[in-house]
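The values are calculated or read from the model by the stated rules, or taken from the named source; none is laboratory data. Since the model is a prediction, treat every value here as computed from it, not as a measurement. We place every Cβ from the backbone using ideal geometry, glycine too, and count neighbours over all the protein chains shown. Side chains included, ligands, DNA and RNA excluded: accessible areas come from the protein's heavy atoms. Shrake-Rupley method; radii C 1.70, N 1.55, O 1.52, S 1.80 Å.
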Amino acid sequence: MILSKKSLPGKRERSMIWLSRFLLIFILPACNINDAPLGERFELMHNWEFSQSGQEEWNPAIVPGTVHTDLLKNNQIPDPFYGCNEKNLQWIGQTDWVYRTTFQVDASLLEKSKVNLVFEGLDTYAVVSLNDNKILEANNMFRKWEINCKEFLKEGGNVLEIIFESAENRFLQDSIALGYPLPGGRWNQSRKAAYHFGWDWGPKFVTAGIWKPVYLEAWDSHKVEDIHVVTKSVTNQKADLQSTFTVESARAENASLRVINAGNGQQLAAEEIKLEPGVNEYALDFSIINPILWWTNGLGEQHLYELEFVIETASGKTFEQSIPYGIRTLEVVTEDDEFGNSLYVKLNNVPVFMKGANYIPQHSFVTEVQDEDYQAIIDMAVASNMNMLRVWGGGIYEKDIFYELCNRHGLLVWHDFMFACAMYPGHNAFVENVRQEAIYQVKRLRNHSNIALWCGNNEADEGWHNWQWQRTLDISPKDSATIWEGYKRVFHDLLPGVVNKYDPQRTYLSTSPMHGWGREESLKEGSAHYWGVWWGLQPFEMYLEKVPRFMSEYGFQAMPALATIRQFQEPEDDFLFSDPLKCHQKHPTGYHTISTYLERENLYPESVQEFIYLSQMVQAKGIGLAIEAHRRVMPRCMGTLYWQLNDCWPVTSWSATDVNGNWKALQYKVRDLYDDIIVSVIEHQDSLKVFLVSDRLEPTSGNLYISLVNFEGQAQVQFSEPIVLETNKSTHAFTVSSSELRENINPAEWLVRARFETLSGEIYQNEKFLETLGNLNLPLALIDYEIQSTEDGYLIKLTSNAFAAHVQLYLSDSHAWFDDNFFHLWPGEEKVVFCNSTLSLMEFESQLNVCSLRDYLMNN
């Protein structure tokens, strides 16, 4: 079966209660649950079967689903993720497929004045027939398709059939018709998730299928098309809001509109209206007294008002919809300043430093992602002190539950439109298709309080200006002008126009980054993607010099957990680099690039497990340095979103957590460096500097202690003074010459410890070695541990007879989450780590491994 993901523990009881509630109040209102609803919805997600086009062998299909998952569940293909199976399964994406079902219709449905067939998601080129009548040709994975089908329905059995044309084959046809080369991948001719065509972290599985719900929607007189809520003004005393109801009516009728605070039952507004034939739009103003504001994770409460919107007609028909709504002011500030041109988020009039990551789809086959997977990844982001996720433009517009969970847990969303790393057609048919997609998605998502901004595309502008596309594809000046005009038509005209019309309170950025990473302007204006580290093989120290206004992409690869590798290769293949390991590394020079950076640390792994551990250590060190560099120069830099949060399959990639939710060393580092206060210790150009950075909205008093500590635990105090951290600010606290610091010590046997203790007893600490990892003279440490059963897992109590650096705990064959990992263990202290696991005690003991950096240096 398809590889599954293990949920991260934390807030489980509260989260699952909310999840049940979500299903009731957020999804079901689309088909009203009152006795006399305005409309009715009849699900068509059962009794499906599928076949390869032109063949008569039919097999059961799951809807929503994809052809790949249906083939797998019918045992017609092996696990696509195992070994190098991907290579032998490309025929699926090059084949046309047919899906069909038979459903019953009774006379009462046919008596309705309107019956629509609704597809919330068809992937991608689909011809739909109902009782042998062609009723739809779809060509966009990201659109909702509605067809008035009443005239084609009959009482009794009805046959619905969909032919899915290969998106890969269609690319060739559309490219020839276009008449000129279009830079980018095979996704650029279609409105389909780009990552399905393969990426440098993901496999190529060009899917097809019914990937979202399909149903009949029937009504007689009125249909509610949309309800939109905006905050007009906010003070401590009152928030003024406006709701807009859009209703399509077949006849005139009196009705009433109501807005209710479901949390306390208070009616906030009511109005009598007259519905007229056609499309009606009514605005209803209301206020909330002494509003509780919505804040991001770490800054305050994520309070959501459960607003209920009700329409009741004179004939007794009712529609209800619940919208969880956060009251806040949110502004994305782009203005000239002393550093260039800014890009930062101002929430409730407070500039907020954005701490987060780039999010990609959680699975190559999007229908395999379950509600609990969304819960787990949002729990993880919250536990890692994040306040923003970027939905990357090569993926999908996510399910409602993703945005709802982000909203409830205080995560802002930077949302790309689904365009990435390519140029796109600018002809009328394509542009109109994009227009309908954008209108649908903006209207669908705009009520979520946590959408921070809309961005036109990922790296398309940079690709055009920096990646030599015109030269490598030998594009003529005439065609170049046509391509650029098409780009401007979509990203400079169409998309900002849609946002301005349908979501005018939010900011639109045409692209990310604003300038390529090799250009001086990239550090002064807007967002930046800095890939000099990794792609340019530049040292990690370049992160200290290449600090932009908002870093929306940067990263470094590391291998996944051993248990994840075990899912695609057997133990006998555990050598560097087996064919399965190569097939699960999509960057052309990935392992070589990792090795280059390992060698700079004087690290030379000889086994798979050594490569896992050391690549994760170096990833955490490099990206950790970047995060410190970004945070300590605020307000010049006001955001850091590393690439990437998660994976869509088992792979060596830039992710900080692998596809099964196993945290790499980087995720633990991120949790520390995204805390509300950090102590930043950086040695560069013969000076060691300590900064204290606070995101708090009030001053914080405490004491700062800076010491040199050798591996035997002996300390030399360098600094010890009280300090007051100002509100929402970075403070330069200490500087010393590196030469002076190292004068009377062997730097291979010492580290710098900087610790800030607040007056209320909170401790924030950072420890930095004075030598590269491979040159440390670490003592041989014997780590003892005891395992104790506890609720949801085990407690591991660890002690060591000597200093043990970067102690790692992992299970050899099972996925697990440890509440701490890759920590230093000093003699004389006990460290207790919780591991969430359902294994028996015997199984847990047999799989648990405990090691430290010294163990991996013995072979170097």
Two decimals is fine: what is log10 I(q)/I(0) at q = 0.05, 0.06, 0.07, 0.09 Å⁻¹ for the chain, from a Debye sum with one equal scatterer on every Cα and no solvent? -0.29, -0.43, -0.58, -0.97
Here, ALA715 and HIS592, labelled 7 Å along Cα→Cβ, have an inter-label distance in nm of 4.7 nm
Using the beta-carbon distance between GLN765 and LEU841 and R0 = 41 Å, what value does 1/(1 + (r/R0)^6) give for FRET efficiency, to the nearest 0.05? 0.80
To the nearest 20 debye, what is the magnitude of the charge dipole of segment 655-785 about its Cα centre, counting +1 on the Cβ of each Lys and Arg and -1 on the Cβ of each Asp and Glu? 200 debye
Taking Rh as the Kirkwood radius, which is the inverse of the mean 1/r over Cα pairs, what is the Rg/Rh value for segment 449-509? 1.10
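With a 10 Å radius around each residue's Cβ, average the other Cβ atoms per peptide and rank 400-409, 537-546, 849-858, highest first.
400-409, 849-858, 537-546
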Quick one: divide the alpha-carbon radius of gyration of segment 740-816 by 2.2 N^0.38 Å and tell me what you get. 1.49
Enumerate the lysines that LYS831 could reach by cross-link, defined here as Cα to Cα under 23 Å, with residues fewer than 8 away along the same chain left out. LYS621, LYS664, LYS669, LYS768, LYS797
Once the in-chain neighbours fewer than 8 apart are removed, the lysines whose Cα is under 28 Å from LYS274 read LYS112, LYS114, LYS150, LYS223, LYS232, LYS317, LYS443, LYS501
Reduced Cα scattering model of segment 335-397, Debye log10 I(q)/I(0), q = 0.29 Å⁻¹: -1.26
For segment 542-629, what is the accessible area per residue in Å², given a 1.4 Å probe and the full set of protein chains? 29 Å²
Along each principal axis of its Cα atoms, how long is segment 457-579 end to end? Whole angstroms, biggest number first, please. 57, 35, 34
Only Lys, Arg, Asp and Glu count, each charged at its Cβ (+1, +1, -1, -1), so figure out the dipole size of segment 82-140 about its Cα centre, rounded to 20 debye. 20 debye
Dipole magnitude of the chain, debye to nearest 20 (Cβ charges: Lys/Arg +1, Asp/Glu -1, about Cα centre): 1360 debye
Counting only the backbone N, which residues of segment 516-546 are under 16 Å from the spot 7 Å out from the Cα of HIS684 toward its beta-carbon? 523-524, 530-534, 538-546
What accessible area per residue, rounded to a whole number of Å², is obtained for segment 347-445 using a probe radius of 1.4 Å? 18 Å²
Degrees separating the helix 477-488 axis from the principal Cα axis of the chain, which is the longest one: 80 degrees
For the chain, what does the helix formula give at 222 nm: sum of -39500 (n - 2.57) over DSSP H segments with n ≥ 4, over the residue count, nearest 500 deg cm²/dmol? -6000 deg cm²/dmol
Calculate, for segment 652-779, the solvent-accessible area per residue in square angstrom, rolling a 1.4 angstrom probe over the heavy atoms of the protein chains. 40 Å²
Go through VAL159, PHE823, ILE292 and say which Cα lies farthest out towards the positive end of the charge dipole of the chain; charges sit on Cβ, +1 for Lys and Arg, -1 for Asp and Glu. ILE292
C-alpha long axis of helix 428-445 to longest principal axis of the chain, angle in °: 70 degrees
Put one equal scatterer on each alpha carbon of segment 761-860, apply the Debye formula with no solvent term, and list log10 I(q)/I(0) at q = 0.20, 0.24 1/Å to two decimals. -1.05, -1.30
Alpha carbon centre of segment 229-286 versus segment 136-173: separation in Å? 35 Å
Using a 1.4 angstrom probe on heavy atoms only, work out the carbon and sulfur share of the accessible area of the chain in %. 47 percent
If you line up the Cα atoms of segment 200-341 on their principal axes, what length do they span on each, largest first, in Å? 61, 54, 31
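What FRET efficiency, computed as 1/(1 + (r/R0)^6) with R0 = 35 Å and r the Cβ-Cβ distance, is obtained for ILE723 and ASP819, rounded to the nearest 0.05?
Working: r = 30 Å, r/R0 = 0.85.
Given R0 = 35 Å and the Cβ-Cβ separation, E is 0.75.
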Over what distance in Å are the Cα centres of segment 789-860 and segment 690-715 separated? 27 Å
Where labels lie 7 Å past Cα in the beta-carbon direction, separation of SER476 and GLU786 in nm: 8.1 nm
